[in-house]
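Student: Let me give you the structure first, and then I'll get to my questions.
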Amino acid sequence: MDPYKVLGVAPDATDEQVKAAYRDLARKYHPDNYANNPLADLAQEKMKQINEAYDTITKQRKASQSSAGSYQQSYGSQRSSSTYQYGQSYGQSGQSSAQFADIRRLIMQRRIVEAEELLDGVPVAGRSAEWYFLKGNILYNKGWLDEAYRYFTKACQLEPTNREYQNAMQQIAWQRGSGRPTGYGYGGHVTRSAGMDACDVFNTLICADCCCECMGGDLIGCC
Amino acid sequence: MFGYIKPCAPELKVKEQEAYRAVYCGLCKELGRSYGQLSRMTLSYDFAFLSVLAMGVRGDAVEFRQERCMVHPLKKRNICQSCGSLELSAAMAIILLYHKLQDNIADGDAAEKAACLLALPAAKAAYDKAAAKLPALAKLTEEQMASQAALEKERCSSVDRAAEPTAKILEALLGSLSEDETQQLVLKRIGYLLGRCIYLMDALDDLEEDIKKDNYNPFRYCEAQEGESPQEQAVSSLYLTIAELIRAYDLLEVQYFEGILSNVFELGLKQSVDHIKEKRMNTK
């Protein structure tokens, strides 16, 4: 496939334009945005195409003007130690207890009905934070978004330090307030209907920070 | 359906606006040709959108021609010619119309009942013809409408469950647009969420009236998130659904009409929710 088509830019685009297009797409299709999503595999495939296209273009351009410009590695490989791995390692991560390993596997294979049956069979006394997270996950897969939010919230209440549960909950909280998926450029036009709570403020700041970084600036120094 | 699914018009390019309008006119003519002139009254934005989506996904050979029509007799306009996507949208519009009429006869006030009873024989004839074209979808719609009636009767308190019948119908409808397994997965997710979105938009639109008349509305009975009014809860639910729709749409492969489709998903849906919200706030 034509790498320029994949990135949606013209072949005579400047290096900066290519990089900007690449960044926007990588942000959009980043595996974190599709964690728990029934379309996660497709998004991963798309991300791979985008990475390959960017690598191809930068290599081509480097070869043709070997003296000028520095070779930029793609987003995915740069960040492989942190976020990009998340989508792949999810399921056998250290956070998962042995009890729920088979349920996670079923969810990964999109066998949602079986996963839900198994999960509902867990007696009420054994329902840990992870149980609520996985239940939320199954509901989210089915498109039962309101209840998914409730279960993710409950999982976070039971285990507030867990990153996986936090991510799932915050993503939904952000989308409920904004009507936009996480990972989009917002350009500062964030309109909101209701008041903001601490979580919203946090999300908005992170988002504003992402936007600033995208434009080359920075709002929050540490991230 | 109710005409909530439409583009944000000022953001359309002129050529997109023209193509969209031509599809809208084409669907109107298709309805008249296949199901009688009266059926053209059922024309709505939702099915014009469905036609555009079907054409865009399937890559139908779409043909536009300059024609006159009786609604606008003075000037010739570009009109999309009959094709599989228009046939599908028209048939589905008729199937849903028939169920809507039956629903009104069961629940509506006296005037509504009388009007619907009057229209029923013609609608039934059209329905039979449409159901013969889409037997599987007609059967599924009937089943899902029955579950809808049952859950409304028991005053279901789960918004997710209340939205499921409409969601399932659109899931099957959009799933039928592609043979490709991966694209089908994406289309089904979009269909499910779109059906959910339409149902919830209608629920938000009717919320006040339903409370006044003591009719069923999922947001009346659901367990509210902390500190949210039923209306805020409805808007949040819808925003979340729209965000998830955009995420699924980002993975859809489209051959035509990408500009129109992106506009609807990324701008139009949210605009419809905001319009309903403002309209309801002003009448308070």
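Student: If one computes the Cα centroid of the stretch B:64-82 and of the stretch A:119-153, what distance in Å separates the two points?
Tutor: 53
Student: Is the C-alpha gyration tensor of the stretch B:1-101 telling us rounded, prolate or oblate? Criteria: a/c under 1.5 is rounded; beyond that, a/b larger than b/c is prolate, otherwise oblate.
Tutor: rounded
Student: If you don't mind, another one. Does the protein assembly as shown come out rounded, prolate or oblate, given a ≥ b ≥ c as the square roots of the eigenvalues of its C-alpha gyration tensor, rounded meaning a/c under 1.5 and, failing that, prolate meaning a/b above b/c?
Tutor: oblate
Student: In deg cm²/dmol and to the nearest 500, what is the mean residue ellipticity at 222 nm of chain B if only DSSP H runs of at least 4 residues count, each as -39500 (n - 2.57), divided by the residue total?
Tutor: One gets -23500 deg cm²/dmol as the mean residue ellipticity at 222 nm.
Student: Cβ under 12 Å from B:Leu53's Cβ, B:Leu53 left aside: what net charge do those residues give with Lys, Arg +1 and Asp, Glu -1?
Tutor: Overall, the nearby charge balance is -2.
Student: Here is a follow-up. May I have the extent of the alpha carbons of chain B along their three principal axes, as whole Å values ordered from largest to smallest?
Tutor: 53, 43, 40
Student: Under a Cβ-Cβ cut-off of 14 Å, what is the net charge of the residues other than A:Pro11 that fall near it, where Lys and Arg count +1 and Asp and Glu count -1?
Tutor: -1
Student: Taking a 27 Å limit on the Cα-Cα distance, which of the listed pairs A:Lys28/B:Lys270; B:Lys124/B:Lys212; B:Lys6/B:Lys29; A:Lys5/B:Lys29 fall beyond it?
Tutor: Beyond 27 Å: B:Lys124/B:Lys212; A:Lys5/B:Lys29.
Student: Rounded to whole Hz and in sequence order, give me ³J(HN,Hα) for the stretch B:210-223 from the Karplus expression 6.51 cos²θ - 1.76 cosθ + 1.60, θ = phi - 60°, writing x for Gly and Pro.
Tutor: Each residue of the stretch B:210-223 in turn: 5, 5, 4, 8, 6, 8, 6, 8, x, 6, 6, 9, 6, 6 Hz.
Student: A follow-up question, please. Enumerate the calculated ³J(HN,Hα) couplings along the stretch B:85-91 in order (Karplus 6.51 cos²θ - 1.76 cosθ + 1.60, θ = phi - 60°), each rounded to whole Hz, writing x wherever the residue is Gly or Pro.
Tutor: Result, ordered by residue: 5, 5, 4, 4, 4, 5, 4 Hz.
Student: Looking at B:Tyr239, A:Asn141, B:Leu101, which one has the Cα that reaches farthest to the positive end of the dipole of the protein assembly as shown (charges on Cβ: Lys, Arg +1; Asp, Glu -1)?
Tutor: Of B:Tyr239, A:Asn141, B:Leu101, it is B:Leu101.
Student: In addition: Roughly how many Å is it from the Cα centre of the stretch B:92-107 to that of the stretch B:1-53, as a whole number?
Tutor: 20
Student: Here is a follow-up. Taking the Cα centre of the protein assembly as shown as origin, sum charge times position over the Cβ atoms of Lys and Arg (+1) and Asp and Glu (-1), and report the length of that vector in debye to the nearest 20.
Tutor: 1120
Student: Give the long-range amide H neighbours of B:Ile79: residues separated by 5 or more places, or on another chain, with amide H under 5 Å away, using H modelled in the peptide plane at 1.01 Å from N.
Tutor: The answer is B:Arg65, B:Gln66, B:Glu67.
Student: Quick one: of A:Lys154/B:Lys213; A:Lys46/B:Lys133; B:Lys129/B:Lys168, which pairs are farther than 25 Å apart, Cα to Cα?
Tutor: Violating the 25 Å Cα-Cα cut-off are A:Lys154/B:Lys213; A:Lys46/B:Lys133.
Student: Please list, by residue number, every one of the trypsin sites (Lys or Arg not before Pro) in the stretch B:1-55 that is coil in DSSP and has at most 11 other beta-carbon atoms within 10 Å.
Tutor: The qualifying sites are B:Lys13.
Student: What does the charge count near B:Arg247 come to, summing +1 for each Lys or Arg and -1 for each Asp or Glu among other residues with Cβ under 13 Å from its Cβ?
Tutor: Computed value for this residue: +1.
Student: To the nearest 20 debye, what charge dipole does the stretch B:9-283 have about its Cα centre, counting +1 at the Cβ of each Lys and Arg and -1 at the Cβ of each Asp and Glu?
Tutor: I would put it at about 1260 debye.
Student: Could you tell me how many degrees, from 0 to 90 and to the nearest 10, lie between the Cα long axis of helix B:159-175 and the main elongation axis, the longest principal axis, of the Cα atoms of chain B?
Tutor: 20
Student: Averaging sequence separations of C-alpha pairs under 8 Å and six or more residues apart, then dividing by the length of the stretch B:9-283, give the relative contact order as a whole percent.
Tutor: RCO, the stretch B:9-283: 18 percent.
Only the coordinates and a few stated rules stand behind these numbers; no lab work does. This is a predicted model, so every value here is computed, not measured. Because the Cβ atoms are built from the backbone with ideal geometry, glycine has one as well, and the counts that use them run over all protein chains shown.
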